[in-house]
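Notes for the one structure printed next.
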Amino acid sequence: RDQAVLLRYDVNTEKKVEDDLSIQLQRVYSMDYIDPRTLLLSASSRGFSDLFLYNINARQPRNLTNDYYDDLDAKFVKIGNRDGVIWSSNRPDSLVERTKMDSLPAIQNFDLFYYDLKERGNEAVRITDTPFANERQGIMIDTTNFSYLSDENGIYNRYVGHLEEYIASYEQIIELTDG
């Protein structure tokens, strides 16, 4: 009846638990566990795919993104002591803020982005930036290396990338006093 269902299976006890997902979510594209009570979902709501943190006990989704860009292939990652999300999106910039539908649909290619779950700011980190290729299904290999699929040469190939820390901006205020 067009209602998404979450089926959890405990391999130790062979117990199945079936719950209806929130009626707010029409379709789920990817799912990953953050902890035993929280899922990371790439799902469509109101016709647009967004990222959600889903509380299993409360059956309540919370938006991480809320815009008309496509957000797919979400994976939970742990980089050092930081929890985050790597996902594919066709957004033109790294801003993660509520936007309304433009007159033209987003037709850019997919790039990989990283979003810090502890900071929860309004900006993600663009991991790849290739205007003529799609990067999809990013996964972490270890705490600094990741892998993804790219169609840069016409067919999808697996590539490996490396993450490094960087300073996004540095501000210093110098006050000069007269006298």
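Some values worked out for this structure:
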{"read-out": "Qualifying residue in the range 2-12 (condition: touching a residue at least 60 places away in the same chain (Cβ under 8 Å), of a type outside the set (Lys, Arg) and surrounded by fewer than 17 Cβ atoms within 10 Å (Cβ to Cβ))", "value": "no"}
{"read-out": "Any chance ALA124 is under 17 Å from the mean Cα position of the chain (by Cα) and open to solvent by less than 40 Å² (accessible area, probe 1.4 Å)", "value": "yes"}
{"read-out": "Search result, residues across the range 18-41 that are exposed (fewer than 14 other Cβ atoms within 10 Å of the Cβ) and charged (D, E, K, R)", "value": "GLU18, ASP19, ASP20, ARG27, ASP35, ARG37"}
{"read-out": "In the range 1-40, residue nearest to LYS75 (Cα to Cα) [restricted to those that are assigned to a strand (DSSP E or B) and acidic (Asp, Glu)]", "value": "ASP32"}
{"read-out": "Subset of the range 42-64 (residues that are crowded, with 22+ Cβ neighbours inside 10 Å and touching a residue at least 40 places away in the same chain (Cβ under 8 Å))", "value": "SER42, LEU51"}
{"read-out": "Enumerated strands (runs of 3 or more DSSP E) restricted to the range 65-179, each holding at least 3 residues that are modelled with pLDDT of 85 or more and of a type in the set (D, E, K, R)", "value": "71-79"}
{"read-out": "Counted residues, the range 75-97 - those being within 15 Å of THR128 (Cα to Cα) and either open to solvent by less than 10 Å² (accessible area, probe 1.4 Å) or aromatic (Phe, Trp, Tyr) (or both)", "value": "7"}
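The values are calculated or read from the model by the stated rules, or taken from the named source; none is laboratory data. Quick caveat: nothing in here was measured; it's all calculated off a predicted structure. No Cβ is skipped: glycine too gets one built from the backbone with ideal geometry, and neighbour counts run over all protein chains shown. Ligands, DNA and RNA are excluded from the accessible area calculation, which covers all protein heavy atoms including side chains. Shrake-Rupley method; radii C 1.70, N 1.55, O 1.52, S 1.80 Å.
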